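Structure record follows, encoded as structure tokens.
The values are calculated or read from the model by the stated rules, or taken from the named source; none is laboratory data. Just so it is clear, the model here is predicted, and its values are computed rather than measured. Methodologically, a virtual Cβ is constructed for each residue, glycine included, from the backbone with ideal geometry; neighbour enumeration extends over all protein chains shown. These area figures cover heavy atoms from the full protein model, side chains too; ligands, DNA and RNA do not enter into them. Shrake-Rupley method; radii C 1.70, N 1.55, O 1.52, S 1.80 Å.
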Amino acid sequence: MENIFWIVSKITWAILAPETLLLFFLILSASFLWTRYYKQGRVLISSTVIIITMVSVLPFSYWVLRPLEDLFIIPDKLPDRVDGVIVLAGAEDISVTVARGQPSFHGGGERLTTFVWLARVYPDAVLLYTGGSGTLTNQDKKPSIVARKFFKQLGLNPARVRFESDSKNTLENALKSYELIKPTPGQKWILVTSAYHMPRSVGIFRKVGWNVIPYPVDFNTTKNFRINFDLRQIGRFSQGIREWVGLLVYWATDLTSELLPHP
């Protein structure tokens, strides 16, 4: 059931992601220009360009990401002692790492740098890296390949880290990690992941019975937004929309403790 849920979610988002839809409309409208529907093509391509411009210039990505990133703040003071530290995979560029032999990231490398720092703060804590391949076609190459290389470069012995490399999404991160660690009530575990992803992650971990201490990283927003032309805002906007959709779907299917988890 979990596998079917994952496959359906991957295919659905691949089709309905904002950047995919915008590209589809550009191709469709350009095709129309060479047919008797050229008038409709001009309307469609003009509308698509206007949408791309608006998302690139206006702070749409800020509006969708800021509420998520503000829910959980970086702790002012960490506990004197914790039982363990968990980091969620997702920032690693596996293909480039394998091809070049050097750890590479899509973005969000702060997840792993913070994890290494916390490993030094808590030398006796259990360290858990959780996350497998999130692609439909390439399940043999795991993000732990990147993480091991990265940890070694920063002086953290990979042998100290427990790796859970079979989970495909956040739900499986929590379930498989819980099965692996079997935490007991009263233990203190820090969870490290991107700030925009923290609400859904906390909700899922709470649902499986693991009340973690959130440590958000990889922030995309500041206290004030700026208006500038940046096509990368389309990707950030899509990222935010995906997270809000994930929150709604997980809540509707009773896979999270609440719609919008709070501290």
Once H197, H262, H106 are ranked on solvent-accessible area with the largest value leading and a 1.4 Å probe, the list reads H106, H262, H197
Please list 3J(HN,Hα) in residue order for region 160-175, calculated via the Karplus relation 6.51 cos²θ - 1.76 cosθ + 1.60 where θ = phi - 60°; whole Hz, with x for glycine and proline. 7, 9, 8, 10, 10, 10, 9, 6, 10, 8, 5, 4, 5, 3, 5, 5
So what are the ³J(HN,Hα) numbers for region 13-21, from phi and the Karplus equation (6.51, -1.76, 1.60; θ = phi - 60°), rounded to whole Hz, Gly and Pro as x? 5, 4, 7, 9, 4, x, 5, 5, 5
Peptide ranges 33-41, 112-120, 230-238, 19-27 listed from the most packed, as the mean C-beta count within 10 angstrom indicates: 112-120, 230-238, 19-27, 33-41
Run the quick spin-label model on I51 and E179: label points 7 Å from Cα toward the beta carbon, then report their separation in nm to one decimal. 4.0 nm
Could you tally the net charge around V126, taking each other residue with its Cβ under 10 Å from the Cβ of V126, Lys/Arg +1 and Asp/Glu -1? 0
Length-normalised contact order for region 168-221 - Cα pairs under 8 Å, 6+ apart - percent: 43 percent
Counting pairs of alpha carbon atoms under 8 Å apart in space and at least six apart in sequence, what relative contact order in percent does the chain give? 25 percent
If packing is taken as the average count of other Cβ atoms within 10 Å, what order do 62-69, 247-254 fall into, highest mean first? 62-69, 247-254
Computed [θ] at 222 nm, helices only, for the chain once each DSSP H run of length n ≥ 4 contributes -39500 (n - 2.57): -16500 deg cm²/dmol
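State the percentage of accessible surface on the chain attributable to carbon and sulfur atoms; use a 1.4 Å probe and exclude ligands, DNA and RNA.
61 percent
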If each part is reduced to its alpha-carbon centroid, region 192-253 and region 151-189 end up apart, in Å, by 20 Å
How much length would be gained if the chain were fully extended between N228 and I27, taking 0.36 nm per residue of separation minus their Cα-Cα distance, in nm to one decimal? 69.8 nm
Please list the non-local residues whose amide H lies under 5 Å from the amide H of S167, H modeled 1.01 Å from N, same-chain partners needing a gap of 5 or more. G131, G132
Whole-Hz ³J(HN,Hα) from phi, Karplus 6.51 cos²θ - 1.76 cosθ + 1.60, for region 64-80, glycine and proline x: 8, 8, 4, x, 6, 6, 8, 5, 10, 9, 5, x, 5, 9, 7, x, 5
Hey, in the GNM for the chain with a 10 angstrom Cα cutoff, which one of D124, D70, D166 fluctuates hardest? D124
Per residue, what accessible area does the chain have, given a 1.4 Å probe and all protein chains present, in Å²? 54 Å²
Amide H contacts under 5 Å for I190, placed H, 5+ residues apart: G84, V85, I86, I213
With a 28 Å threshold on alpha-carbon distance, the violating pairs from K142/K207; K141/K176; K10/K176; K168/K223; K141/K182; K149/K223 are K168/K223; K149/K223
Over region 115-235, relative contact order from alpha-carbon pairs under 8 Å, at least 6 apart, %: 21 percent
First select every other residue whose beta carbon is under 9 angstrom from the beta carbon of S56; then total the charges, Lys and Arg +1, Asp and Glu -1. 0
